[in-house]
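Comments concern the structure below.
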Amino acid sequence: MALITKKIKGTEDVLPKQSYRWQFIENIMREESRAYGFREIRTPVFEHTELFARGVGQTTDVVQKEMYTFDTKGGESVTLRPEGTAGAARAVLEHALENEGLPIKASYFVSCYRYEKPQAGRLREFHQFGIEEYGTQSPVADAEIICLAQSVLDRLGLGDVRLELNSIGCPECRANYNRALREYFSQYKEQLCDTCLSRLEKNPMRLLDCKSPEDHKIAEGAPRITDFLCEECESHFREVQKYLDSAGVEYTVNPTIVRGLDYYTKTVFEFVTDCIGAQGTVCGGGRYDGLIEELGGRHMPSLGFAMGLERILMVMDAQGVEIPQPEGCALYIATMGDAAKLKAFGLLAQVRRCGLVAETDVVGRGLRPQMKYADKIGAKYSIVLGDNEIAENKAKVKNMQSGEQTELALDDTFAEKFSVLHLSDAAAFKI
Ligand code: ATP
Ligand code: MG
């Protein structure tokens, strides 16, 4: 039978030798979100298509062109999640989480699915870390989640990432702004791409977000939302900036940032870098005060952000940020004969209970290939266990780097003594 060895276009594997990089960034994201009082939410990878149509928005690229939608055998239309907010919002409503007190604060790690043109930093399956906060209209919450995103990026060691901030107002200020935009873009009807033309009536703000270079140029001269904000939105925007200033978070106001989803209101922001090419937005977020109502709930102002994990790793690579390798194998026990094999099994269990990585032969190799394997996996210590060692109930533990040998009894104290040896050498040799 022919081997199936090709992954689906736009998907990536994370191999065992690379996964520590993912775990490193995920751990920092978990720790930082915890420090700000967010707890993780996990929702299904697929949902009713209707949820995304309403929760992401009919006029978005995501809903119009990018969703993986299919009918189940039961004839239901379901969609692989293209983002994490809609599922979290659905869960908040379904489980009436508001009864547990407001604001509801959740963080998530999700795989997302979008049928886009694959290129560097743009995949069809990609991963996001995100934050959701429901039930607060305070600008302090906006500033707080931005600080959280900034702390994550700082702790990851990323440089040259700028924060771009904007307010897209509320439906009231947007009505005037949309009118001004329609007027402006109508002058360029001949030059606009088809997608933009179709959005001119329904959602002209989307034209500011068009990826086509020609349209982008036209968008640069468009009226600016910041000139159309109502008093309440304007003051909210000022407050957000005041709090960011007080936390020492730097930003620039960029009136062309509108974000990809329909239900954004007031604050929107992106963290952008120029070091990984065109797909330089590593994090995007803002307020979506209308979302919960759109899904059938009561008015519940909400906000959040999402970071693209693949893009974060690309930036770290491009900037040469070192990611610490996890502890490797501390002890490899090579065995000769069945009695040694059995003894090794018990010793390894002891060592592993001390939190150290320990391995032995599970392939049935001879002594030499076993030692070769120990070298290959970078084992720090090794023991050769044969009939003699078992008869004397002690063995020499060899430091693979220095060659130094230490004799240890093969009894109940073995793991404890090995740990001490490992620790003292770790200090001396920096292994
Ligand atoms: P873009 O403008 O790059 O298409 P977006 O506005 O569609 O991004 P969001 O829906 O806000 O992106 O998703 C948040 C983050 O997820 C983005 O800032 C980016 O880091 C990442 N992301 C989005 N789409 C992809 C993709 N197809 N492949 C990899 N990462 C992605
Ligand atoms: Mg996109």
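The values are calculated or read from the model by the stated rules, or taken from the named source; none is laboratory data. A quick note: this is a predicted structure, and the numbers were derived from the prediction, not measured. Quick reminder, even Gly has a Cβ in these numbers, built from the backbone with ideal geometry, and neighbours come from all protein chains shown. Note: accessible area is taken over every heavy atom of the protein model, side chains too, but ligands, DNA and RNA are not part of it. Shrake-Rupley method; radii C 1.70, N 1.55, O 1.52, S 1.80 Å.
Conditions tested, residue by residue: (1) closer than 19 Å to L291 by Cα; (2) of a type outside the set (S, T, Y); (3) exposed (fewer than 14 other Cβ atoms within 10 Å of the Cβ).
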| residue | (1), (2), (3) |
| --- | --- |
| F237 | no, yes, no |
| Y243 | no, no, no |
| S246 | no, no, yes |
| T256 | no, no, no |
| T265 | yes, no, no |
| V268 | yes, yes, no |
| V272 | no, yes, no |
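Among the candidates E94, E100, E116, E83, which residue alone is buried (at least 21 other Cβ atoms within 10 Å of the Cβ) and at pLDDT 95 or above? Reasoning before the result, please.
Numbers: E94 fails: buried (at least 21 other Cβ atoms within 10 Å of the Cβ); E100 fails: buried (at least 21 other Cβ atoms within 10 Å of the Cβ); E116 fails: buried (at least 21 other Cβ atoms within 10 Å of the Cβ).
Result: E83 is the single residue among E94, E100, E116, E83 that is buried (at least 21 other Cβ atoms within 10 Å of the Cβ) and at pLDDT 95 or above.
Name the pairs whose Cβ atoms lie under 7 Å apart, with the first residue in segment 99-117 and closer than 17 Å to T79 by Cβ, the second surrounded by fewer than 15 Cβ atoms within 10 Å (Cβ to Cβ) and of a type in the set (A, V, I, L, M, F, W, C), and 6 or more positions between them or separate chains?
That search, which allows pairs on different chains as well, returns S111/V45.
Among the numbered criteria (1) within 16 Å of ligand 2 (Cβ to nearest atom); (2) of a type outside the set (S, T, N, Q); (3) under 17 Å from I41 (Cα atoms); (4) assigned to a strand (DSSP E or B), which single criterion is violated by F109?
Result: F109 fails condition (1) only.
Out of the helices (runs of 4 or more DSSP H) lying entirely within segment 344-431, which hold 1 or more residues that are at pLDDT 95 or above and open to solvent by less than 30 Å² (accessible area, probe 1.4 Å)?
In segment 344-431, 367-376, 414-429 are the helices (runs of 4 or more DSSP H) which contain 1 or more residues that are at pLDDT 95 or above and open to solvent by less than 30 Å² (accessible area, probe 1.4 Å).
Mind checking which helices (runs of 4 or more DSSP H) fall wholly inside segment 146-240 and carry at least 2 residues that are in contact with a Pro (Cβ under 6 Å, 6 or more places away or on another chain)?
171-186
What about R114, is it in contact with a Ser or Thr (Cβ under 7 Å, 6 or more places away or on another chain), under 17 Å from K65 (Cα atoms) and within 11 Å of ligand 1 (Cβ to nearest atom)?
Criteria not met by R114.
Could you list, in sequence order, all residues of segment 127-158 that are open to solvent by less than 30 Å² (accessible area, probe 1.4 Å), of a type outside the set (A, V, I, L, M) and within 18 Å of the chain's Cα centre (by Cα)?
Q128, F129, G130, E132, E133, C147, S151
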